[in-house]
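Report on the following structure.
The values are calculated or read from the model by the stated rules, or taken from the named source; none is laboratory data. Everything quoted here is computed from the prediction, not taken from an experiment. FYI the Cβ positions are ideal-geometry reconstructions off the backbone, even for glycines, and counts take in every protein chain you see. Heavy atoms of the whole protein, side chains included, go into the accessibility calculation; ligands, DNA and RNA do not. Shrake-Rupley method; radii C 1.70, N 1.55, O 1.52, S 1.80 Å.
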Amino acid sequence: MPLELASRLDKIGRDALPLLLRDMPKCELHIHIEGSLEPELIFALAQRNGVTLAYPSVEALREAYAFTDLQSFLDIYYAGASVLLKEEDFFDMAMAYFRRAAADNVVHAELFFDPQTHTDRGVPFKTVIDGLTRASQTAQQELGVSSALILCFLRHLSEEAAFATLEEALPYRDQFIGIGLDSSERGHPPEKFARVYARCHELGLHLVAHAGEEGPAEYIETALDLLKVERIDHGVRCVEKPALVERLAAEQVPLTVCPLSNIKLCVFDSMDQHNIASLLEAGLKVTVNSDDPAYFGGYMNANFDAVFNGLPQLGPRHAYQLALNSIEASFASDAAKSEWVEKLDRVFADAS
Ligand code: HPA
Ligand code: ZN
C-alpha cells in the first residue's frame, strides 16, 4: 500500500470501523452455497419435497450445530443438503444467499458448489447448475451482485469419481469458471487430484483448493506445486512453516480465510487467537469470507465484525487492505475490479 494512503487511513479513528466494514464494497471468494442453507429453508424445502429430516424442528437442528472438527460439521452439512432436489430448490437457496450478500455490500461472489453431493443422490448435474446459474443472473439484474460458480470436487471420494464429475460438467463449461477441492482434508492430500487439476488447467478453468485448514502446511505447498492453484482456501496453517509464509507473501498468493468457520471448527480457540492479523502484517494477500454462513454464525459482515472486535490491533487501514485484497484476488474482469476499487476509495475518502 502506498505510504501516503496508509498514513491517511491510519488517521481514521477506530470508531469509524463499524460503518466502514459495513459500507465498503467487498468480494466473497469462499462460500459453499450448500453452506448457506438456513435451518428454516431446510425445513421449508423438506416439506415442499416430502423429505423426512432426522430432526423434529428448526430449533433442534440448530442445536445440533455444535462442532468439534471439520468432519463433525460435514456430516450435518451433507444431511442438510439432502432436501435439495429440484432446480427451484437450488435457485431459492442461492437467491437467499445473494440477498444476504447484497445487504453486506458484497459486490461480487464466487460460489463453490458440490455437484457430487447431489448427483450421488440421483439429482442431475443440469438441475444443480441451471438453478444456480438462473439465481446468478437474477442476482445481477435485481440486486446488482455479480457472481460466478466454482465446481468443487469432494476429496474424500476417488480421482475416478472426480473425472466422472468433470465429464458430466463439460456440456455446461460456460456456466462455471473454475474448480476447487473441499470436504475432509486430512488423509486426502492434493496430489490425489493432480491429474484432474492438470486436465482442468488444459480446459482453461481457474484452479483453487482448500489446504491448510485442518491439514498440514505441506498440503498448501503441494496444492501450489502439484495442482498449480491460483488461490489457497483457508491456508491458516501456513504459519507452521516460516519459509512457506515468506513464499506466500513474495508470490502474493491469495488466502481465502474464514474466521467464524475457524472458530466453530476449533481451528483456533477464540478470535483473539486467530492469526489473520499476523498474516496481514506479514504481507500475505489475505481475504475474509464466510465459508458456510448458515452453520458458522454469520455472513460476510458478521465475519468482518468478529475479526475487528476480536483483534483490537486491526484498524481502518487493515479493513481497506482486506477489501482491496478481495477485489484483486477475485476472478472478475479488470474493468469490474477498477470500478469496485473506485467505490472502495470513495467510502474511505468520505470517512477521512
Ligand atoms: N472445509 C472443507 N470442506 C467444506 C467446508 C470447509 O470448510 N465447507 C464445506 N465443505
Ligand atoms: Zn470451505
Gain upon complete extension [V239, C266; 0.36 nm per residue less C-alpha separation] | 8.1 nm
Of the trypsin sites (Lys or Arg not before Pro) in the range 172-225, which ones lie in a loop per DSSP and count no more than 16 other C-beta atoms within 10 Å?
-> R186
For the range 44-140, accessible area per residue (1.4 Å probe, heavy atoms of protein chains only), Å² | 41 Å²
Only Cα pairs under 8 Å and at least 6 apart count here; give the relative contact order of the range 266-340 as a rounded whole percent.
-> 32 percent
Surface accessible to a 1.4 Å probe, V123 within the full protein complex, Å² | 10 Å²
Helix 159-169 axis, angle to the chain major axis (alpha carbon atoms, nearest 10°) | 90 degrees
Would you look at the GNM of the chain, springs on alpha carbons closer than 10 Å, and say which of L207, L244, L37 moves the most?
-> L244
Solvent exposure of the range 181-302 as accessible area per residue, Å², 1.4 Å probe = 34 Å²
Computed on Cα atoms, Rg of the range 3-351 relative to 2.2 N^0.38 Å comes out at 0.95
Lysine pairs with alpha-carbon atoms under 24 Å apart, the range 239-352, spacing 8 or more or separate chains | 4
Within the accessible area of the chain, what % is carbon and sulfur when the probe is 1.4 Å and the other protein chains stay in place?
-> 52 percent
With an 8 Å cut-off on Cα pairs and a minimum separation of 6 or more residues, tell me the relative contact order of the chain in percent.
-> 23 percent
Can you give the FRET efficiency for V51 and A194, using 1/(1 + (r/R0)^6), R0 = 56 Å, r = Cβ-Cβ distance, to the nearest 0.05?
-> 0.90
